[in-house]
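Structure, as structure tokens:
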Amino acid sequence: MDHFQYRDGELCAESVPLARIAAEVGTPFYCYATATLERHYTVFADAFEGLDTLICFAVKANSNIAVLRTLARLGAGADVVSGGELKRALVAGVAPDGIVFSGVGKTRQEMAEALAAGVRQINVESEPELEALGEVARAAGVTAPVAIRVNPDVDARTHAKIATGKSENKFGVAWTRAHEVYARAAAMDGIDIVGIAVHIGSQITDLEPFRDAYVRVRDLVATLRADGHPIESLDVGGGLGIPYGDDPVPSPAEYGTMVRTLLGDVDCRIILEPGRVIAGNAGILVTRVLYMKEGATRHFAIVDAAMNDLLRPALYDAVHAIMPVTEAAGEARLQEMDVVGPICETGDTFASGRPLPPLEADDLLAIRTAGAYCAVMASSYNSRPLVPEVLVNGDAFAVVRETIPVDTLLAHEPLPDWLASPATAGRRAARAAR
Ligand SMILES: *Cc1c(COP(=O)(O)O)cnc(C)c1O
């Protein structure tokens, strides 16, 4: 259930007609529904009722400050993977002791920032990283609270680009080596072991891989405690999948029951890092049809959004539902259409052969399930501006990320002095002067 529904034939975000937002901010734009963010967070949190948990929203899924603050006000912590995300979480009002710093390649600068901020936990993914963190912590005169991310070698059965828990992936240390790595960490000044972490991938639509991974970490907790390590927190990562269309997925309640069954008695605080399941269906991308084009063999709707704005179809072959903002008449005949952007790449395609009602230029379309891993991945490819993000709350809406216009991008491209003049004569003169 989300809060993008037709009212009197007009698609609304909560109570606000999307056409009204489009008229005010232009297209394309991202639109998030506060009610959906709140509902998803609450449903997820309720699934763990009674367990000692900390829910750290995975900021990389949607790092908009207003989105983060909406979740922080409900009690969410943050899982961050860069100094930039750490900054966003703090600005959004997430308490430092609700922040977990993850990632396979933290720089020393980022480690220092995380320690200075006083984050709850830093998840370390290799021995060289552990060494570096120890040095940074000692230099700062503090100890780093550390969990080691283990790689449980399970197949998450998701898209290869977002599977992270197989032994051949770059993530974590092999679970079979945990004993050794923890011993090393325990002997290191500046390092304080607080827990263990695992994250096997994203858009996982089957509970079995989670179960396999959690059984392994449960056994590891026992082994590591027997070795004398204080394992107080067990970070089980994120990854719960969501429906992009009608595909069946486990509910947060089913996931919660599984976590409770497997890990309810490990006597650890359980850290959860959901991203997509909270934000995915809380956002859409609204785009306008520029032209209807009859190709030799296909019908194209050319829209003003492109792969630079929403990369998932091009990157992951993702399928996003698309609906017209003005509801089609009941008797409208569907036609198979390709919904494509203006960029000169065939990959710039939002849908192929998608049955849609008749469209014409200027119609608005909503690309659904665009609240996670969409705006955060946008680029200015083709020198296109970064599009605005809008947050709706009941009958109110606000721009929560302004357009970053091309002029702003150009202002960050200084010319070297030997190219100060556009004239070719300048080049000849420069050569002569050398
Ligand atoms: C990406 C990521 C998450 C969030 O994954 P979702 O599929 O969005 O829930 C959580 N933890 C870590 C370490 C991640 O890299």
### Message
Run the reach check for K161 against lysines, Cα to Cα strictly under 30 Å, same-chain hits fewer than 8 apart removed. What comes back?
### Response
K60, K87, K106, K170
### Message
I'd like the carbon and sulfur percentage of the solvent accessible area for the chain, probe radius 1.4 Å, heavy atoms only, ligands and nucleic acids excluded.
### Response
52 percent
### Message
Highest mean first, how do 286-298, 102-114, 233-245 rank when packing is the count of other Cβ atoms within 10 Å averaged over residues?
### Response
233-245, 102-114, 286-298
### Message
Can you order the peptides 206-218, 53-65 by their average number of other Cβ atoms within 10 Å per residue, highest first?
### Response
53-65, 206-218
### Query
Could you give the accessible area per residue of the range 1-107, probe 1.4 Å, as a whole number in Å²?
38 Å²
### Task
Could you check the simple spin-label distance between D395 and E331, using points 7 Å along Cα→Cβ, in nm with one decimal?
3.5 nm
## Note on the structure
Q109 and S251 label points (each 7 Å along its Cα→Cβ direction) are spaced in nm at 4.7 nm
### Rg/Rh for the chain, where both radii come from Cα atoms and Rh is the Kirkwood radius
1.03
### Task
With a cut-off of 16 Å, note down the residues of the range 221-255 whose backbone N falls inside the zone around a label point 7 Å from the Cα of L315 toward its beta carbon.
239
### Task
Quote the charge dipole size of the range 366-419 about the Cα centre in Debye, to the nearest 20; the model charges only the Cβ of Lys and Arg (+1) and of Asp and Glu (-1).
280 debye
#### Entry: 1.4 Å probe accessible area per residue over the range 216-325, in Å²
38 Å²
### Task
Would you grab the residues whose amide H sits under 5 Å from the one on V194? Only those 5+ places off in sequence or on another chain, please, with H modelled 1.01 Å from N.
V146, A147
### Query
Can you give me the relative contact order of the range 35-277 as a percent, contacts being Cα pairs under 8 Å and 6 or more apart?
21 percent
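The values are calculated or read from the model by the stated rules, or taken from the named source; none is laboratory data. Just so it is clear, the structure is predicted and the values come from calculations on it, not from any experiment. Cβ sites come from the backbone with ideal geometry, for glycine too, and all protein chains shown count toward neighbours. The accessibility values were calculated without ligands, DNA or RNA, using every heavy atom of the protein model including side chains. Shrake-Rupley method; radii C 1.70, N 1.55, O 1.52, S 1.80 Å.
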